[in-house]
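The structure appears right after this line, and notes come after that.
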Amino acid sequence: MRLISKVFLFLLGLLSIPAWGQPLRVDRLSLSLNAGFTRLVLEADRPITAEISSQINSLGLNLRLLDGQFTLSQSLTGEASGVVTGLRPALGQPDTISLQLLDGAMIDRAFQLPPQGGRGHRLVIDLLPADPAAFLEAFAAPVKLPLAAPLQPAATPPGRDPRRLIVLDPGHGGHDPGAISASGRYEKELTLAVGRAIAARLRASGRYRVLLTRDKDVAVKLLDRVKLARNREADLFLSIHADSLAADRATRGASVYTRAEDASDRDAEALALRENKADQLADTAQEQELDDVLAILVDLASRDTKRLSGRFAGLLTASLSERIPLRRNALRAANFKVLGAPDIPSALLELGYISNPTEEALLFSEAGRNQLAEAVVAAIDRFFDGP
Ligand SMILES: [Zn+2]
């Protein structure tokens, strides 16, 4: 129901025409950098339509409201983020602001969000860096916003590496150690070591492009991990974790999870709660915005993605079972935030229980790491070789 009403509001936002007596006033604007793209958010009391065009004599863009004015109380000078190095009102044109760019840029997405959580109607514009040719092409003519088909992935630009992109996501990091092993070692160390081992093997095969959501000991928000995969249009997302049961040193074995609103069993549900806790520091406004977007996307894309995620998780479970101990019913589902990309096949691998001393010794060893990496790469190969 929640989803349906969101989609409805979204469509309503697209259809409504600013026909009130007063001109529309955009009184809030924010600029931020989100996992590789620059996000500009305009806010007003009704849906915003605008036009964006390239500047003639300098590297920049003009953003013009089609029916309204900027009445920003905040100063725009000094605002800069990502590909946008500066932002100021256009001289003598209250309906236009000018964006100075570091580099060429193109619009990745531009969509409206309905009022929610005390915020008004928003027009969200995501910019990506682009080479000069792509920049010229993107703004050969003024672009009307929101984009008519905002949710379509961008066409592959010429010259782009056609190999599949695998995003590996070593869990936890920085202030968040994750689970703690029998001898006091951290999950975050293990997930990074295994992530790197898998990445090395995938790269060595020459078949894939590989991206790690973190390649050092830093904290990355769960939603930023998802966003990175989405912005880079990953073909597969694999989150890597390990678990620990302080009161039960006997349990061991790997398991593989896909996302489902309803968990497959109570253990899986409890695990998802533990893993989702990593995001206690998440920026809730940003999260809400992403939630809104995802809710819309989910309906459009997720049926196929679910099927593919299930297929990959099945292949991974089979491949692991040939090499390392698995839990009983090793293929499970629960509501993991980090598996939230509606358009990218995703799975979460729990390497095993580091509270079990035997398993800890295996997982933290080079031999164990190699077995795991071999199993994951074999599953990825099968996944992309298959129908
Ligand atoms: Zn974890």
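Could you run through segment 91-105 and say how many residues are among the hydrophobic types (A, V, I, L, M, F, W, C) and modelled with pLDDT under 85?
Total satisfying the criteria: 2.
Which members of segment 229-258 meet the condition of being surrounded by 19 or more Cβ atoms within 10 Å (Cβ to Cβ) and modelled with pLDDT under 90?
Listed by number, the list holds a single entry, Arg230.
Going by the structure shown, is Ala197 closer than 17 Å to Ile324 by Cβ, open to solvent by less than 30 Å² (accessible area, probe 1.4 Å), among the hydrophobic types (A, V, I, L, M, F, W, C) and modelled with pLDDT of 90 or more?
For Ala197, the condition - closer than 17 Å to Ile324 by Cβ, open to solvent by less than 30 Å² (accessible area, probe 1.4 Å), among the hydrophobic types (A, V, I, L, M, F, W, C) and modelled with pLDDT of 90 or more - is met.
For the condition in a strand (DSSP E or B) and of a type in the set (Gly, Ala, Ser), what is the one hit in Gly352, Gly368?
Only one candidate qualifies: Gly352.
With respect to Leu190, is the statement that it is crowded, with 21+ Cβ neighbours inside 10 Å, farther than 23 Å from Thr305 by Cα, touching a helix residue (DSSP H, G or I) at 6+ places or on another chain (Cβ under 7 Å) and in contact (Cβ under 8 Å) with a residue 24 or more places away in the chain true?
When the stated conditions are applied, Leu190 passes them.
When Thr258 is evaluated against the numbered criteria (1) in contact (Cβ under 8 Å) with a residue 60 or more places away in the chain; (2) within 15 Å of the ligand (Cβ to nearest atom); (3) of a type in the set (Ser, Thr, Tyr), which criterion, by number, is the only one it fails?
Just one mismatch for Thr258, condition (2).
State whether the residues of segment 197-211 include one that is charged (D, E, K, R) and without any contact (Cβ under 8 Å) to a residue 24 or more places away in the chain.
Checked against the condition, which is being charged (D, E, K, R) and without any contact (Cβ under 8 Å) to a residue 24 or more places away in the chain, segment 197-211 yields at least one hit.
Return only the number of the condition from (1) within 18 Å of Val143 (Cα to Cα); (2) surrounded by 15 or more Cβ atoms within 10 Å (Cβ to Cβ); (3) modelled with pLDDT of 85 or more that Leu66 does not satisfy.
It fails just one condition, (2).
Which of (1) surrounded by fewer than 20 Cβ atoms within 10 Å (Cβ to Cβ); (2) in the same structural domain as Val84 (by TED's automatic domain parsing); (3) modelled with pLDDT under 80 does Thr156 not meet, given it meets every other one?
The failed condition is (2).
Run down Ala313, Ala373, Ala333 and say which single residue is in the same structural domain as Asp235 (by TED's automatic domain parsing), part of a strand (DSSP E or B) and small (Gly, Ala, Ser).
Result: Ala333 is the single residue among Ala313, Ala373, Ala333 that is in the same structural domain as Asp235 (by TED's automatic domain parsing), part of a strand (DSSP E or B) and small (Gly, Ala, Ser).
Looking only at segment 356-371, which residues are surrounded by 22 or more Cβ atoms within 10 Å (Cβ to Cβ) and either out of contact with any helix residue (DSSP H, G or I) (no Cβ under 7 Å at 6 or more places or on another chain) or more than 17 Å from Leu245 (Cβ to Cβ) (or both)?
Selection gives Asn356, Glu359, Glu360, Gly368.
Of the residues that sit in segment 170-187 and are closer than 13 Å to Val218 by Cβ and buried (at least 24 other Cβ atoms within 10 Å of the Cβ), which one is farthest from the ligand (Cβ to nearest atom)?
By that ranking, first place goes to Pro170.
Residues in segment 200-207: is at least one in contact with a Phe, Trp or Tyr (Cβ under 9 Å, 6 or more places away or on another chain) and farther than 14 Å from Ser346 by Cα?
The answer is yes, given that some residue of segment 200-207 is in contact with a Phe, Trp or Tyr (Cβ under 9 Å, 6 or more places away or on another chain) and farther than 14 Å from Ser346 by Cα.
Can you tell me which of Ala347, Ala334, Ala282, Ala341 is crowded, with 19+ Cβ neighbours inside 10 Å, modelled with pLDDT under 85 and under 25 Å from Gly178 (Cα atoms)?
The conditions single out Ala341.
Tell me, please, whether a residue that is surrounded by fewer than 16 Cβ atoms within 10 Å (Cβ to Cβ), modelled with pLDDT under 85 and β-branched (Val, Ile, Thr) can be found in segment 293-303.
The answer is no, given that none of the residues of segment 293-303 is surrounded by fewer than 16 Cβ atoms within 10 Å (Cβ to Cβ), modelled with pLDDT under 85 and β-branched (Val, Ile, Thr).
Suppose the filter is at pLDDT 85 or above and closer than 21 Å to Ala141 by Cβ; does Ile56 pass it?
no
The values are calculated or read from the model by the stated rules, or taken from the named source; none is laboratory data. The shown structure was predicted, so the numbers you read here are calculated from the model rather than taken from an experiment. Cβ: placed from backbone, ideal geometry, glycine included. Neighbour counts: every protein chain shown. Note: areas computed on protein heavy atoms with side chains; ligands, DNA, RNA excluded. Shrake-Rupley method; radii C 1.70, N 1.55, O 1.52, S 1.80 Å.
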